[in-house]
Amino acid sequence: MEALAPAPPTFRLAPRPYQYEAVAALLAATARGMHRPLLVLPTGTGKTIVFALLVQRRRGRSLILAHRDELIQQAVEKLHLVDPTLPLGVVQAARDEHAAPTVVASVQTLSRRARLARLVPDFRTIVIDEAHHAPAPSYRRILTHCHAWQPDGPLVVGVTATPARGDGQSLQQVFDGIVYQRSLVEMMQAGYLVDLRAIQVLLQADFDALRTQRGDFVEADLETLLLAANAPAQVLAAFQAHAADRKALLFTPTVATAYAMAATFCAAGIAAEALDATTPLATRRALLQRLHTGATRVVANCAVLTEGFDEPSVDCIIVARPTQSLPLYQQMLGRGTRTYPGKTDCLLLDVVGVSTQHTLHTAATLFGCAPATLARQSVLEMLDTQARQARHAEEAIAGTLHSTPVDLFARRALRWVQTRQGAWVLSLGAQHGTLRLRPDSPETWQVVQVRRDADPLLLGDTLPLPYAQGLAEDYARHLGVARLVEAEAPWRQQPASEKQTALLRKLGVAVQAGLTKGEAADLLAAVLGDWD
């Protein structure tokens, strides 16, 4: 057996199954020639861990691009969690460690022409955090410098929770397509994010009077309307009634609104503070530390903590920034969905007004239900109720349904064969050889393509078996041979060829009369699958 590249160092943390799956999808996309794949995962599900694992697997120089101080710090911390020995450099403000094997860079700093000119563009992997910003000129300037648009350029991976942009610009300007995506509901149901509850704070305000610009309300108009409708007092009353024992982030359309909200809470004896883009970094960090400890209960902000902020103990989000932008709403909501010891759910307080013209995004519109439903039930309770009702309807028609466990490979559309030594083989035809799943530890597997005229190609490793199998089948489909290797392919019923039977006899396998091509192919795969 020809030696493969050595396995990467042992993980310093236990990745979640979907993080393995995301890395496998990115590696499979790379293997089939995609240069700029996009990964979409909800806020709080570890996108940073995924790209840290990818950087570790890919080897070679890597560049991580982020646009906020918090995101840069998170990237450095998570990369060291995955591999504490990984040599890192930071390019941000006065720091200019641009020659490091792995560079974590501020887009604002690196895109400056003098800084960019010093950067040697020999990166094998580039990761863009919060990739919905990638169409901006500053990002494109860096990507062009690093030869991202060239056929032999680096792999450029985008990671984001919101692949749509509020201004309607398409991410297809930069990325080839989404290769892996998981929804907010999926992650909540799996327990990776907390459940959500939602209550609307109804203002006596006519939202039809608001102007729109670039797909959302004009912020100055929102400020005038909210203050005229006495929104600070209304939000305070809702917080006192429904979230008195919670810790909250409060989002507003303008700086003035943020400070007005904080002042109203403080006047009621609730420890609250506000910050904005001009708040000095040291002051901001001290304020957020007080939120972490609970010394501050509510932090109001205008467009500062929408992205990159990570305080899992927050269990209330107040959207006092009504919006028509779904990405913006999802970003605000995502600040409260992370899990935390003792945290069972997150409460959303949506500030709304009267409107017949504008589509306002709230928890009710996001999850497709009536506001009154979410006032009575959490999102997961509502979904569970809907699922029970659907099951009852099915049982009324077809009787009680039963499910039984099935073997992982037994009902697959493609024809897998197990070798004598326990590996799994998928034959791809003479041109492409075979895909083989081999155990590389008691719990994980590697995926290897073996061809007669080329060295073995390692497509992925240290993967749970279901994800190794999924990677292999996805690779087979993109090679265009899925129909050839289907378990029910017509050719499998034809008589075995003389070439097949001669090779089986040469290998010492008894050939029975009436052997089909499919049966002969399975026997050959089972025997040859343990060889290279």
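Okay, here's what the table says:
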read-out: Scope region 65-102; condition β-branched (Val, Ile, Thr) and out of contact with any strand residue (DSSP E or B) (no Cβ under 9 Å at 6 or more places or on another chain); matching residues; value: Val82, Thr85
read-out: Every residue from region 73-85 that is farther than 16 Å from Ile128 by Cα and crowded, with 18+ Cβ neighbours inside 10 Å; value: Val82, Asp83
read-out: Asp195 out of contact with any Gly (no Cβ under 8 Å at 6 or more places or on another chain) and free of Cβ contacts under 8 Å to residues at least 24 places away in the same chain; value: no
read-out: Those strands (runs of 3 or more DSSP E) lying entirely in region 428-523 with at least 1 residues small (Gly, Ala, Ser) and on the phi < 0 side of the Ramachandran plot; value: 454-463
read-out: Residue selected from region 443-460 under the condition within 23 Å of the chain's Cα centre (by Cα) and among the β-branched types (Val, Ile, Thr), by the criterion most open to solvent (accessible area, probe 1.4 Å); value: Thr444
read-out: Residues of region 367-381 satisfying the condition of being within 16 Å of Leu193 (Cα to Cα) and of a type outside the set (Val, Ile, Thr); value: Phe367, Ser378, Leu380, Glu381
read-out: Which listed residue is outside any strand (DSSP E or B), of a type in the set (S, T, N, Q), out of contact with any strand residue (DSSP E or B) (no Cβ under 6 Å at 6 or more places or on another chain) and closer than 20 Å to Tyr329 by Cα, from Thr224, Thr264, Thr257, Thr278; value: Thr257
read-out: Residue tally, condition closer than 21 Å to Gly60 by Cα and either open to solvent by less than 10 Å² (accessible area, probe 1.4 Å) or not in a loop (DSSP other than H, G, I, E, B) (or both), over region 118-144; value: 10
read-out: Qualifying positions in region 279-314 - open to solvent by less than 30 Å² (accessible area, probe 1.4 Å), among the aliphatic types (A, V, I, L, M) and over 14 Å from Arg246 (Cα atoms); value: Leu287, Leu288, Ala300, Val304, Leu305
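Rundown of residues vs (1) over 18 Å from the mean Cα position of the chain (by Cα); (2) modelled with pLDDT under 85, yes/no style:
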position: Gln19; (1), (2): no, no
position: Ala22; (1), (2): no, no
position: Thr43; (1), (2): no, no
position: His80; (1), (2): yes, yes
position: Arg95; (1), (2): yes, no
position: Ala99; (1), (2): yes, no
position: Ala114; (1), (2): yes, no
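The values are calculated or read from the model by the stated rules, or taken from the named source; none is laboratory data. Bear in mind that the values here come from a model prediction, so they are computed numbers and not experimental data. Note that each Cβ is placed from the backbone with ideal geometry, even for glycine, and that neighbours are counted across all protein chains shown. Only protein heavy atoms, including side chains, enter the accessible area calculation; ligands, DNA and RNA are left aside. Shrake-Rupley method; radii C 1.70, N 1.55, O 1.52, S 1.80 Å.
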